[in-house]
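Beneath this line is the structure, given in structure tokens, with notes to follow.
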């Protein structure tokens, strides 16, 4: 029933946009249309003795084809409409794992770990995602990833609808970004998934700005919008000489957050930091502190362009026994919501990008859990093979011993262990 009403709402929105375009002068209305098609192929190798090795002897193959069509219509200098449609086909052992482990270990933590990885809109205001077709090892889905109306005026900017917003100064880990943050392990960061929200930003003469966000969400149990499942936040961005400061306060689900951020320079490098304190609510046991500090720098060496960064991340929610992450309600609820990714307390990351020539770039990222230690290496090469074609080859190489985060972690109430796996991938992207 909810999906039916949302479809009606989307139709009403399109009718409204059409009428709005009709009443505007044809000379004022401008539209841009573009997009991309991306094909992805990957092989993941899991170590012997891991739970994943029980499927296909621990060698999983996956493929994905993703079509994104983008449209932006400018009705005049102040009013615009943004629309992204995404059609995706996914096939492989990662999807097969859901049914396989559910049948092998029904009702266990193991079946929960390998649950359906389709990220739908069950908790969002509008249900604009659905599966078109599904089988044992594949599914075809589509969604509206952007659907918003933007108004720019002298008092500021207002955007209503499905959109993407990023807060914080983290380059890999980003604790201030509570609205659909990227995973630090993501090598693909082309598009952040959209959320239904209201966004307002106003500017001041000296260059400061004030941002306000409200993201309503539904309760999975009854489907109703609830404040305890929603997010509301305000952030003031202050410019002071050659420094920038962010002051943030937010209500996120049942937690209250306060944060401060800083951006400045050290010589020719840029220094950033964020500090977030969470006043835990609901069933969460303890308040906790999280922070990041990073520095990045660009330089030329041997007539090549280089870019590098180093980042330190601390999470007060981290634990020492990683196997208990599945049973720890404080940590598992935030992992399931996609707002925290590391299980430990202290991480040191670094990344370097080398422009070998204008068409060929080499990237290498290393993430280390300092408590283990264990690590994740991410080498990759991107090649602009043609004007509208980009090819990327890379890998995620996990290293660690038993009971290390990037090694093999014990699954609670089980003798099994889950393995981080090492991934080799190939992407081919055509832009239009």
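Within the group 118, 114, which residue is under 19 Å from the mean Cα position of the chain (by Cα), closer than 25 Å to residue 220 by Cα and free of Cβ contacts under 8 Å to residues at least 40 places away in the same chain?
Selected residue: 118, the only one of 118, 114 that is under 19 Å from the mean Cα position of the chain (by Cα), closer than 25 Å to residue 220 by Cα and free of Cβ contacts under 8 Å to residues at least 40 places away in the same chain.
At negative phi and not in a strand (DSSP E or B): is that true of residue 371 in this structure?
So residue 371 passes the test.
Of all the strands (runs of 3 or more DSSP E) wholly in the range 180-252, which have at least 2 residues that are surrounded by 15 or more Cβ atoms within 10 Å (Cβ to Cβ), out of contact with any strand residue (DSSP E or B) (no Cβ under 7 Å at 6 or more places or on another chain) and in contact (Cβ under 8 Å) with a residue 24 or more places away in the chain?
Passing ranges: none, list empty.
Is there a residue in the range 46-57 that is modelled with pLDDT under 95 and closer than 30 Å to residue 154 by Cβ?
No, the conditions are met nowhere in the range 46-57.
If we keep just the residues of the range 272-289 that are more than 30 Å from residue 414 (Cβ to Cβ) and within 23 Å of the chain's Cα centre (by Cα), which is surrounded by the fewest Cβ atoms within 10 Å (Cβ to Cβ)?
Selected residue: 289.
Return the residue satisfying two criteria in turn: it lies in the range 304-334 and is farther than 17 Å from residue 289 by Cβ and in contact with a helix residue (DSSP H, G or I) (Cβ under 7 Å, 6 or more places away or on another chain), and of such residues it is modelled with the lowest pLDDT.
Among those residues, the one meeting the criterion is 326.
Criterion first (out of contact with any helix residue (DSSP H, G or I) (no Cβ under 8 Å at 6 or more places or on another chain) and at pLDDT below 95) does residue 281 satisfy it?
Judged against the criteria, residue 281 is a match.
Under the condition of being touching a residue at least 60 places away in the same chain (Cβ under 8 Å), outside any strand (DSSP E or B) and in contact with a strand residue (DSSP E or B) (Cβ under 6 Å, 6 or more places away or on another chain), which residue from the range 312-341 is surrounded by the most Cβ atoms within 10 Å (Cβ to Cβ)?
My answer is 322.
What about residue 309, is it surrounded by 19 or more Cβ atoms within 10 Å (Cβ to Cβ) and outside any strand (DSSP E or B)?
So residue 309 fails the test.
Given 12, 37, which one is outside any helix (DSSP H, G or I) and either surrounded by fewer than 16 Cβ atoms within 10 Å (Cβ to Cβ) or modelled with pLDDT of 90 or more (or both)?
37 is the lone residue from the list that is outside any helix (DSSP H, G or I) and either surrounded by fewer than 16 Cβ atoms within 10 Å (Cβ to Cβ) or modelled with pLDDT of 90 or more (or both).
Kindly indicate whether any position in the range 88-98 is touching a residue at least 60 places away in the same chain (Cβ under 8 Å) and farther than 19 Å from residue 194 by Cα.
Looking for residues that are touching a residue at least 60 places away in the same chain (Cβ under 8 Å) and farther than 19 Å from residue 194 by Cα, one finds none in the range 88-98, hence no.
Of the numbered conditions (1) farther than 30 Å from residue 122 by Cα; (2) assigned to a loop (DSSP other than H, G, I, E, B), residue 299 fails exactly one; give the number of that condition.
Answer for residue 299: the failing condition is (2).
The values are calculated or read from the model by the stated rules, or taken from the named source; none is laboratory data. Remember, it's a predicted structure, so these values are computed and weren't measured experimentally. Please note: Cβ atoms are built from the backbone with ideal geometry, for glycine as well, and neighbour counts cover all protein chains shown.
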